[in-house]
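S.K.: Okay, here's the structure, questions in a sec.
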Amino acid sequence: PEDLTTHTVSPQLQPGNWINKQTAVVSFVSTPPAVASSNNFVAAPIQNLTYGISSSSNVPQPGSPIPGDITVPNTACPAPGSPISQPPPVFTPAPQTISVPADGTYLVHYFAQDCAGTEELQFTQTAGSWATSFYTFPINVDTVAPKVASGPTLSPAPSIK
C-alpha cells in the first residue's frame, strides 16, 4: 500500500512536534492511487477522510467506527453502475480545526476511504505477522509559558576606545 494522504499542521509544529495552543488547523490531501494497468483499470475516487485524536498511549485500532472521530465527505463518487473512465481527482477537504482537552502528548489518527469501500490503512510486518493500524502523526501541547526562577543580571558590554 502507498501512503496517499498527507497532512500539514498550522501553527507549524516545533521540534519534537510541540505547539503552545490547544487547537491547531490540519490540512489533509488524499490522492487516489495511480495504477499502471493493461486492462484500463481506473482507481475509485476518495469518498471520505476520517480522523480523530487520542492520547499517544491509547491509539484506537481500525475496525468499528471510533466514537468522536470526524468524517469529512467528498462528493466525487460516481452513481452506482457508472463506469469510471478517467483518473479520479485529488481530494482536498477544507482545513480541519482540532482541539485537545489539556496539555499532553497526542496522536492524530486518520484514514481515507475510496468509493469502492477500500480504506487506506498502514500495514506493518513483524516476524512474519501482519498488523493493520491507522496512519498517525504526533501533536504535543504545552501551553504553560516558561518561567526563569533566577539568573545573572545582564548589562551591555563595555565600549572599547
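S.K.: Taking H placed 1.01 Å from N in the peptide plane, check which residues at least 5 places from Ala43 or on another chain put their amide H under 5 Å from its amide H.
M.R.: Result for Ala43 returns Val35.
S.K.: Counting only heavy atoms of the protein chains, get the accessible area per residue of segment 29-161 (1.4 Å probe) and round it to a whole Å² value.
M.R.: Details: 8720 Å² over 133 residues.
Value for segment 29-161: 66 Å² per residue.
S.K.: Sort Thr50, Thr31 from largest to smallest accessible area, using a 1.4 Å probe on the heavy atoms of the protein chains. Before the final figure, lay out each step's value.
M.R.: Values: Thr50 15, Thr31 55 Å².
Final ranking, largest accessible area leading: Thr31, Thr50.
S.K.: Taking the full set of protein chains and a 1.4 angstrom probe, give the accessible area of Thr124 in square angstrom, rounded to the nearest 10.
M.R.: For Thr124, solvent-accessible area is about 60 Å².
S.K.: Kindly write out, for segment 52-64 in residue order, the coupling ³J(HN,Hα) from the Karplus curve 6.51 cos²θ - 1.76 cosθ + 1.60 (θ = phi - 60°), rounded to whole Hz, with x marking Gly and Pro.
M.R.: Residue by residue, segment 52-64 yields x, 10, 9, 5, 5, 9, 9, 7, x, 9, x, x, 5 Hz.
S.K.: Specify the residue with the greatest mean-square fluctuation among Val148, Val26, Val90, computed from a Gaussian network of the chain linking alpha-carbon atoms under 10 Å apart.
M.R.: For the chain, modelled as a Gaussian network with Cα springs under 10 Å, the answer is Val148.
S.K.: Run the dipole for the chain about the Cα centre, Lys and Arg Cβ at +1, Asp and Glu Cβ at -1, nothing else charged, and hand back the magnitude in debye, nearest 20.
M.R.: Numbers: 3 positive and 8 negative charges, 132 e Å.
With Lys and Arg at +1 and Asp and Glu at -1, about 640 debye.
S.K.: Across the Cα atoms of segment 73-148, what radius of gyration and what greatest pairwise Cα-Cα distance (Dmax) are found, in Å?
M.R.: 18.9, 67
S.K.: Between rounded, prolate and oblate, where does the chain land on the alpha carbon gyration tensor, with a ≥ b ≥ c its root eigenvalues, rounded for a/c under 1.5, else prolate if a/b exceeds b/c?
M.R.: Working: a/c = 2.65, a/b = 2.24, b/c = 1.18.
It comes out prolate by the Cα gyration axes.
S.K.: ³J(HN,Hα) across segment 151-158 via Karplus (A = 6.51, B = -1.76, C = 1.60, θ = phi - 60°), whole Hz, x for Gly/Pro?
M.R.: Residue by residue, segment 151-158 yields x, x, 7, 9, 9, x, 5, x Hz.
S.K.: Going from most exposed to least, what order do Trp18, Trp130 have by accessible area with a 1.4 Å probe?
M.R.: Working: Trp18 105, Trp130 165 Å².
Result of the area sort, largest leading: Trp130, Trp18.
S.K.: Could I ask something else about it? Provide the gained length on full extension for the span Thr23 to Ala76, in nm with one decimal, where the gain is 0.36 nm per separating residue minus the Cα-Cα distance. Before the final figure, lay out each step's value.
M.R.: Working: separation 53, 0.36 × 53 = 19.08 nm, distance 2.95 nm.
Extending this stretch completely gives an extra 16.1 nm.
S.K.: What's the carbon and sulfur percent of segment 1-144's accessible surface, probe 1.4 angstrom, rounded to a whole number? Show your work: numbers first, answer last.
M.R.: Details: 4550 of 8490 Å².
Whole-percent figure for carbon plus sulfur exposure: 54.
S.K.: Continuing with this model, one more query. Can you give me the Cα centroid spacing of segment 2-75 and segment 92-144 in angstrom?
M.R.: 6
The values are calculated or read from the model by the stated rules, or taken from the named source; none is laboratory data. Because the structure is a prediction, the values reported are computed rather than measured. As a convention, Cβ positions derive from the backbone with ideal geometry for all residues, glycine included, and neighbour counts pool all protein chains shown. Quick note on the areas: whole protein, heavy atoms, side chains included, nothing else; ligands and nucleic acids left out. Shrake-Rupley method; radii C 1.70, N 1.55, O 1.52, S 1.80 Å.
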